[in-house]
């Protein structure tokens, strides 16, 4: 019985430490502009955010990973602003490009963000079997999304709620497949 109680307390403590993170453990700060980009040759692997109720904003973490088979990323470009404040965001990198960075500008009068994305081309690879996730977060709640190991991030969709002053996020993810010298996809 004591072991079971200790196990439950340890689990609760772990969840609290995971969910209630100190403000200084985030890569961004509330109501500030930011730009996060993966190191050369890496793509976005995880996006985390925490909504500050009194801030009407989220703080963010992003982690990156090297692509399988040491895929070379080239032709990287930033998209420029992809949404208007308080409106829907629908963004996809150009054909066969993947997300390697995110940037955002916050407006205190609008209590919202506009978003830009860095997209890179995985040389000699194409995106395929793409799909949207369901919405990852709920309003005012923690978001913690990890792109599956066999996928890459291609896009983001987000809707804004005027009353809650927060956004829901879902992600466009794809698999990568190499192409041969004749530009035929090699799957398998």
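Of note:
- Residue in region 174-182 that is surrounded by 14 or more Cβ atoms within 10 Å (Cβ to Cβ) and within 21 Å of residue 78 (Cβ to Cβ) present: yes
- Single unsatisfied condition, residue 121 versus (1) within 17 Å of the chain's Cα centre (by Cα); (2) buried (at least 16 other Cβ atoms within 10 Å of the Cβ); (3) closer than 30 Å to residue 180 by Cα; (4) at pLDDT 95 or above: (1)
- Counted residues, region 79-101 - those being more than 21 Å from residue 161 (Cα to Cα) and either surrounded by 13 or more Cβ atoms within 10 Å (Cβ to Cβ) or touching a helix residue (DSSP H, G or I) at 6+ places or on another chain (Cβ under 6 Å) (or both): 9
- Within region 36-66, the only residue that satisfies the criterion of being assigned to a loop (DSSP other than H, G, I, E, B), touching a strand residue (DSSP E or B) at 6+ places or on another chain (Cβ under 6 Å) and modelled with pLDDT under 95 is 41.
- Residue list for region 72-112, filter: modelled with pLDDT under 95 and in a strand (DSSP E or B): 73, 74, 75
The values are calculated or read from the model by the stated rules, or taken from the named source; none is laboratory data. None of the values given here were measured: they were computed from a predicted structure. With ideal geometry, Cβ positions are generated from the backbone for all residues, glycine too; neighbour counts draw on all protein chains shown.
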